[in-house]
Amino acid sequence: MRNLLFIALLICLVVPDSLRASQGDSNFEKATEAYNSGSYQEALGYYEEILKSGKHSAALYFNMGNAHYKLGDIAPSIYYFEKALLLDPADQEIKSNLAFAQNMTVDAIQPIPETEIGRAFRGLIGSLSMDQWAIVGIVLMSLFVIAYLLYFGLSQPNLKRISLIAGFFMLVLSLLSTAAAYLSYNAYLQDQPAIIFSEVVTVRAEPNDNASEAFLLHEGTKVQVLDSLTTWKKIELADGQTGWMPAEGLRQLKDF
């Protein structure tokens, strides 16, 4: 009797998840159909329903960015393309569509020049997400263990030498991948990007309406959030300029 009650309880717990999954798939299909027919606002409604169900993915954010781009929504299109890129930093199609959307922005901000070595290093670390680097490290460590076992299991000297060398390289690459995952994680924590959603916003020297004006920003511009104070956010531009703006004028990207 106790086993039957346990099974009944398990079914009650599992069925709602299955229903939510099928509902999410159904909404995605409806969104795709609406998008292909040119009903971009309707497609966004279905995508929003998927988000409300607790699901998110690079593909979902990418599609939302495309729908907003078709509607001419500058800030939302950039916002969702950037969110998609956070989940899949190596996807070239996301990068390409993001570049198209950024062409609609008003602010032309020149980033601080970066050395070739720094750019190459950042590009290497950013080529994979921290989770992907961790997976690579685990796979390489598994290969090292296999090579290690083969070394002691083989009798031929040539094969033992090959397994030893291969195992050494797998170990080194695994440690490098783990280090890359750690650096990627630290960079993720320090990186607090946001997109300006206000059509025009005045950035001030201090967090109050009476402070002097530092500069103006327009929708779609990407900033870094450095600090928060009540209803104000301290931001930094790619060119190093900093200032305070109302928090309601931007949306932070890492709000998964």
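Would you list the helices (runs of 4 or more DSSP H) that sit entirely within region 25-103 and hold 3 or more residues that are aromatic (F, W, Y) and over 23 Å from M130 (Cα atoms)?
In region 25-103, 40-52 are the helices (runs of 4 or more DSSP H) which contain 3 or more residues that are aromatic (F, W, Y) and over 23 Å from M130 (Cα atoms).
What number of residues in region 79-125 are within 23 Å of L250 (Cα to Cα), without any contact (Cβ under 8 Å) to a residue 12 or more places away in the chain and among the basic types (K, R)?
1
One residue is enough: does region 150-161 have a residue meeting the conditions farther than 30 Å from L176 by Cβ, touching a Gly at 6+ places or on another chain (Cβ under 8 Å) and surrounded by 15 or more Cβ atoms within 10 Å (Cβ to Cβ)?
No, the conditions are met nowhere in region 150-161.
Would you confirm whether or not region 201-215 contains a residue that is closer than 27 Å to G123 by Cα, touching a Ser or Thr at 6+ places or on another chain (Cβ under 6 Å) and among the hydrophobic types (A, V, I, L, M, F, W, C)?
Just the residues of region 201-215 that are closer than 27 Å to G123 by Cα, to begin with: none.
The answer is no; no qualifying residue exists.
If I filter region 224-234 down to residues being touching a residue at least 24 places away in the same chain (Cβ under 8 Å) and more than 22 Å from P113 (Cα to Cα), which single residue comes out as surrounded by the most Cβ atoms within 10 Å (Cβ to Cβ)? Spell out how you get there, then give the answer.
Taking region 224-234 as the starting set, the residues that turn out to be touching a residue at least 24 places away in the same chain (Cβ under 8 Å) are 224-226, 232-234.
Checking the rest, the ones that are also more than 22 Å from P113 (Cα to Cα) come to 232-234.
Values: W232: 20, K233: 23, K234: 18.
Applying the filter and picking the extreme gives K233.
How many residues, within region 175-223, are touching a residue at least 12 places away in the same chain (Cβ under 8 Å), assigned to a strand (DSSP E or B) and closer than 21 Å to G240 by Cβ?
Total satisfying the criteria: 15.
I'd like to know if region 189-197 contains one or more residues that are aliphatic (A, V, I, L, M), surrounded by 14 or more Cβ atoms within 10 Å (Cβ to Cβ), closer than 30 Å to I135 by Cα and under 24 Å from the mean Cα position of the chain (by Cα).
Yes - at least one qualifying residue is present in region 189-197.
Identify, by number, the condition in (1) at pLDDT 95 or above; (2) within 15 Å of L86 (Cα to Cα); (3) of a type outside the set (S, T, N, Q); (4) crowded, with 20+ Cβ neighbours inside 10 Å that L237 doesn't meet.
(2)
Residue by residue through region 80-118, note down the ones that are over 16 Å from Y61 (Cβ atoms) and of a type in the set (D, E, K, R).
If the condition is that a residue be over 16 Å from Y61 (Cβ atoms) and of a type in the set (D, E, K, R), then D107, E114, E116 are the ones that fit.
Per-residue answers, yes or no, for (1) modelled with pLDDT under 95; (2) assigned by TED's automatic domain parsing to the domain that holds K30; (3) of a type in the set (S, T, N, Q):
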residue: S53; (1), (2), (3): yes, yes, yes
residue: N63; (1), (2), (3): no, yes, yes
residue: E82; (1), (2), (3): no, yes, no
residue: M130; (1), (2), (3): yes, no, no
residue: V139; (1), (2), (3): no, no, no
residue: A147; (1), (2), (3): yes, no, no
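The values are calculated or read from the model by the stated rules, or taken from the named source; none is laboratory data. Since we're looking at a predicted model, the values are computed, not measured. Neighbour counts run over all protein chains shown; Cβ positions are idealised from the backbone, glycine included.
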